[in-house]
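Structure record follows, encoded as structure tokens.
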Amino acid sequence: MDKRPIGIFDSGLGGLTALSALRELMPEENIVYFADTARNPYGTRTPEQLRRMAKENLAFLAGFGVKAVIAACGTMSTNALDVLHGSEIPVINVLEPSVSAMAGSEGDAPLAVIATEASIRSGGYTRALEKACPGREVIALACQEFVWLCENGHTAPDDPAVIEAVARCLAPLKREKPSALLLGCTHFGLIAEAIRNELGARVELVSASECASRACKTLLEANGLTGGSGREALYTSGSLQDFEQKAEHFLHRPVKAHYGSAGE
């Protein structure tokens with residue numbers, strides 16, 4: 001039994017979708033979550049900034065003696081993949097597991113991915129999907145506005161702000177009628193129901209957070225690294241009160257967070 005915690009980091013609330021998915025799969029594991037809200041959003045950062053910040057976030061979680069890390073951020077996974085791969089601690093990114101899941105989509109209709117500006121600009125998701133699904137058209141769409149909605153508490157499927165933004169931002173995608181849509185930013189899982197309502201049940205939604213959590217479970221089980229008591233510690237580099245209130249809204253339970261800083 002390995003009782004060391006699993007680390008998870010993201011720019012803010014989006015990674016809580018990975019925490020929830022991992023908790024459902026592995027309820028006994030200890031988890032340390034870091035929300036780098038002071039430096040949010042990541043989606044407008046340069047690749048150089050993101051690579052530096054990835055190293056800092058990994059160093060912060062390494063201080064807790066973590067046995068593995070989920071980089072629950074599509075922006076980091078597409079712009080700093082070499083940093084994540086080069087870590088001495090096993091790191092599960094959200095790009096590779098989710099692209100593998102998309103490769104199982106049948107038919108010849110287009111495949112689509114929505115993510116932050118930096119993720120789409122990097123071309124990481126597009127290149128990986130084209131390689132994994134040769135012959136399939138890949139549509140990549142930046143939906144940076146969705147991050148702002150989620151970070152400001154607009155996640156309910158009947159929220160007028162969410163309905164309007166989802167309809168407007170996904171209009172180009174809806175016209176192309178993809179068979180599957182990869183939610184390449186973990187924040188987008190917070191508004192998955194609104195996205196599903198807009199696109200219809202015909203479009204399969206693939207959650208990057210859920211894919212990464214399953215990959216983490218597989219890794220730990222294969223290497224005999226499972227075990228724990230279900231403890232959880234949440235850290236944020238921004239306002240404790242703000243993070244606690246928003247995290248409680250999403251997790252539907254009381255949240256006690258601690259301050260932590262991974263860099264300047």
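The values are calculated or read from the model by the stated rules, or taken from the named source; none is laboratory data. Because the structure is predicted, anything quoted here is derived from the model rather than measured. We place every Cβ from the backbone using ideal geometry, glycine too, and count neighbours over all the protein chains shown.
Summary table below
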{"quantity": "All positions within the stretch 147-194 that are without any contact (Cβ under 8 Å) to a residue 60 or more places away in the chain, hydrophobic (A, V, I, L, M, F, W, C) and touching a helix residue (DSSP H, G or I) at 6+ places or on another chain (Cβ under 7 Å)", "calculated": "Leu149, Ala156, Ala161, Val162, Ile163, Ala165, Val166, Ala167, Cys169, Leu170, Ile191, Ala194"}
{"quantity": "Any hit, the stretch 25-40, residues being among the acidic types (Asp, Glu) and within 30 Å of Gly135 (Cα to Cα)", "calculated": "no"}
{"quantity": "Selected residue (only one of Glu164, Glu198 is closer than 24 Å to Ala101 by Cα, out of contact with any strand residue (DSSP E or B) (no Cβ under 9 Å at 6 or more places or on another chain) and either at pLDDT 95 or above or not in a helix (DSSP H, G or I) (or both))", "calculated": "Glu198"}
{"quantity": "Selected residue [buried (at least 20 other Cβ atoms within 10 Å of the Cβ) and not assigned by TED's automatic domain parsing to the domain that holds Thr17] from Ala194, Ala247", "calculated": "Ala194"}
{"quantity": "Members of the stretch 77-102 that are part of a helix (DSSP H, G or I), free of Cβ contacts under 8 Å to residues at least 40 places away in the same chain and of a type in the set (A, V, I, L, M)", "calculated": "Val83, Leu84"}
{"quantity": "Selected residue [touching a helix residue (DSSP H, G or I) at 6+ places or on another chain (Cβ under 7 Å) and either in contact (Cβ under 8 Å) with a residue 12 or more places away in the chain or closer than 23 Å to Gln144 by Cα (or both)] from Thr46, Thr37", "calculated": "Thr37"}
{"quantity": "Any hit, the stretch 52-69, residues being of a type in the set (Val, Ile, Thr), within 22 Å of Leu219 (Cα to Cα) and buried (at least 24 other Cβ atoms within 10 Å of the Cβ)", "calculated": "yes"}
{"quantity": "Selection from the stretch 37-76 of residues that are within 13 Å of the chain's Cα centre (by Cα) and part of a helix (DSSP H, G or I)", "calculated": "Gly74, Thr75, Met76"}
{"quantity": "Ala140 part of a helix (DSSP H, G or I) and touching a helix residue (DSSP H, G or I) at 6+ places or on another chain (Cβ under 9 Å)", "calculated": "no"}
{"quantity": "Members of the stretch 205-264 found to be over 16 Å from Leu25 (Cα atoms), part of a helix (DSSP H, G or I) and acidic (Asp, Glu), listed by number", "calculated": "Asp242, Glu244, Glu248"}
